[in-house]
Amino acid sequence: MTTLIPFAGLSPVPWKNGGGSTTEIAIGPPDSGFEDFDWRVSLATIEKDGAFSLFPGVDRTLVLVEGHGMTLDIDGEPTLVTDADPVVAFDGSSVVQAKLARGGSTDFNAMTRSDRCYHTFGRRRLEGNSTFVARADVTVLFLAEGDTLELRNEQERIGLVRYDAVVLEGGSTWKLEAGQGMVYIVDVWYHGDEDDEEFHD
């Protein structure tokens, strides 16, 4: 089933350390929480330097959406997150300290529990019309840049504004129409699927 997730209807949750907040966009299974999710997609606002929470057994991808970036110290190794190099992947059990460059940062996060599934992350620049095929077990499209995006096929027509997301059924094909923008694509693959290798390449 296709699920539209309007960002305007979501609420941020402040961090216990006061360093920022996280807005959960989508989670699977839908009734799961921090301890038992298979996959999770969120948007975080980091307001000051500090440590990330630990998520043992979880693979993470972080992507800079807005701001001047930061340095992530991951198990003692510094990694720059900037407009030029906005994507970093790391183990949820790693000790991570964030040091902001100049002011706050807004970041997109994807997580998968490694013993159940894994994810791939991609970005697509949009201009005019294009075609998109959802090939994974779960595909999440997130409108990171641009004012509007329309997805349509013979059965449905869905409109997104910035920071909205949509969860797509595997195997569905869509026409995308946007002026200019960028979508983030999170593909979630459950272990044991015979087609994983074919679709992951």
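Observations on the structure shown:
- The set of residues in the stretch 21-49 that are farther than 14 Å from Cys117 by Cβ, open to solvent by 20 Å² or more (accessible area, probe 1.4 Å) and of a type outside the set (Ser, Thr, Tyr) comprises Glu24, Pro30, Asp31, Gly33, Phe34, Glu35, Glu47, Lys48, Asp49.
Residues are listed down the side, and each one gets a yes or a no for (1) in a strand (DSSP E or B); (2) of a type in the set (Phe, Trp, Tyr); (3) farther than 24 Å from Ala144 by Cβ:
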site	(1), (2), (3)
Lys48	no, no, no
Pro56	no, no, yes
Thr61	yes, no, no
Leu64	yes, no, no
Leu72	yes, no, no
Val88	yes, no, no
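- Restricting attention to the stretch 74-86, the residues that are open to solvent by 20 Å² or more (accessible area, probe 1.4 Å) and part of a strand (DSSP E or B) total 5.
- Selection from the stretch 90-109 of residues that are over 16 Å from the mean Cα position of the chain (by Cα) and either of a type in the set (Phe, Trp, Tyr) or assigned to a strand (DSSP E or B) (or both): Val96, Gln97, Ala98, Lys99, Leu100
- Hits in the stretch 157-176 - residues which are open to solvent by 70 Å² or more (accessible area, probe 1.4 Å) and at pLDDT below 95: Glu169
- Index of the failed condition, Glu156 passing every other in (1) over 18 Å from the mean Cα position of the chain (by Cα); (2) within 28 Å of Asp91 (Cβ to Cβ): (2)
- Enumeration of residues in the stretch 105-144 that are out of contact with any helix residue (DSSP H, G or I) (no Cβ under 9 Å at 6 or more places or on another chain) and farther than 21 Å from Ala89 by Cα: Leu126, Glu127, Gly128, Asn129, Ser130, Thr131, Phe132, Val133, Ala134
- Evaluation of Ala89 against (1) open to solvent by less than 50 Å² (accessible area, probe 1.4 Å); (2) closer than 22 Å to Gly33 by Cα; (3) among the small types (Gly, Ala, Ser) (one fails), failing number: (1)
- Complete set of residues in the stretch 122-148 that are under 17 Å from the mean Cα position of the chain (by Cα) and either open to solvent by less than 60 Å² (accessible area, probe 1.4 Å) or small (Gly, Ala, Ser) (or both): Gly122, Ala134, Ala136, Val138, Thr139, Val140, Leu141, Phe142, Leu143, Ala144, Gly146
- Residue in the stretch 152-163 that is basic (Lys, Arg), over 23 Å from Ser53 (Cα atoms), touching a helix residue (DSSP H, G or I) at 6+ places or on another chain (Cβ under 7 Å) and not in a strand (DSSP E or B) present: no
The values are calculated or read from the model by the stated rules, or taken from the named source; none is laboratory data. Given the structure is predicted, the values throughout are model-derived calculations rather than measurements. Quick reminder, even Gly has a Cβ in these numbers, built from the backbone with ideal geometry, and neighbours come from all protein chains shown. Ligands, DNA and RNA are stripped out before the accessible areas are found, and what is left, the full protein with its side chains, is counted by its heavy atoms. Shrake-Rupley method; radii C 1.70, N 1.55, O 1.52, S 1.80 Å.
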